[in-house]
1. Tell me whether segment 66-158 comes out rounded, prolate or oblate; compute the Cα gyration tensor, take square roots of the eigenvalues as a ≥ b ≥ c, and use a/c under 1.5 as the rounded threshold.
2. Please report the antiparallel percentage of the DSSP beta bridges confined to segment 29-182, to the nearest 5.
3. Before anything else, pin down the relative contact order of the chain: Cα pairs under 8 Å, at least 6 apart, normalised by residue count, whole percent.
4. Could you calculate the FRET efficiency of L163 with R56 from 1/(1 + (r/R0)^6), where r is the beta carbon distance between them and R0 is 45 Å, rounded to 0.05?
5. Counting only protein heavy atoms and using a 1.4 Å probe, what share of the accessible area of the chain belongs to carbon plus sulfur, as a whole percent?
6. What's the magnitude of the charge dipole for segment 51-127 around its Cα centre, counting Lys and Arg as +1 and Asp and Glu as -1 at the beta-carbon? Answer in Debye, nearest 20.
7. Once percent of Cα pairs over 23 Å apart is worked out from the coordinates, which option in (i) 38; (ii) 34; (iii) 45 does it equal?
8. Give me the net charge for the shell around S49: Cβ to Cβ below 12 angstrom, other residues only, Lys and Arg +1, Asp and Glu -1.
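The values are calculated or read from the model by the stated rules, or taken from the named source; none is laboratory data. Computed from a predicted model, the values in this text were never measured in an experiment. Positions of Cβ are generated from backbone atoms using ideal geometry, with glycine treated the same way; all protein chains shown enter the neighbour counts. Quick note on the areas: whole protein, heavy atoms, side chains included, nothing else; ligands and nucleic acids left out. Shrake-Rupley method; radii C 1.70, N 1.55, O 1.52, S 1.80 Å.
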Amino acid sequence: MTGSPFPQHATDVVASHVRTVENFPAPGVLFRDITPLIADAEAFHLLISTIADRYRGKVDAVAGLESRGFILSAPLAIELGIGMLTVRKAGRLPGPVVGVDYDLEYGSARMELQPFTVVDGSRVLVVDDVLATGGTADAAFELIERSGGVPAALCVLIELRELGGRSRLEADGRTVDALLTY
């Protein structure tokens, strides 16, 4: 873990509540399980307040990415006193929606957003649990822009550096913040 822009005490507490599960969901994979973190009220509150302190006054909305990004973005929006947007997999939001197709490691997917939920010119923080290749976050940035918003940054709980998501997003001029980097 390296280079978090968040206070060391907070990252230490968060890291101590993330469980590493070997060979899940497939052989050779190290899964970072955040269940113990969100099950501990004090640690979860520290996480949300730490993120809120970084972005307070700098964003007008948060956009949670389906599905675990919702776990972080809903309490964050409440803590910041702003609204939450939902960026969902195709077919899960009633229209009208805007959609973006993007590539996955093994195939493709589509993310959608209801454009009427984005206030023109609003600064939107994109929130997710994990940054891997950056495809989902990149799709979210595009959806926000197409809906009239301004992507402020991506904030993730965990960055898997070897998968190159940060490099991909920063090459496009995006700001990426991660609490933990593996």
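1. Numbers: a/c = 1.57, a/b = 1.15, b/c = 1.37.
Judged from the Cα gyration tensor, segment 66-158 comes out oblate (a/c at least 1.5, b/c at or above a/b).
2. Numbers: 9 of 31 bridges.
The answer is about 30 percent antiparallel.
3. Working: 360 pairs, mean separation 35.7, N = 182.
Worked out over the chain, it gives 20 percent.
4. The pair L163/R56 has a calculated efficiency of 0.90.
5. Carbon and sulfur atoms account for 52 percent of the accessible area of the chain.
6. Its charge dipole is roughly 160 debye.
7. It is the value labelled (i).
8. On the way: positive: R54, R56; negative: E42, D53, E79.
Overall, the nearby charge balance is -1.
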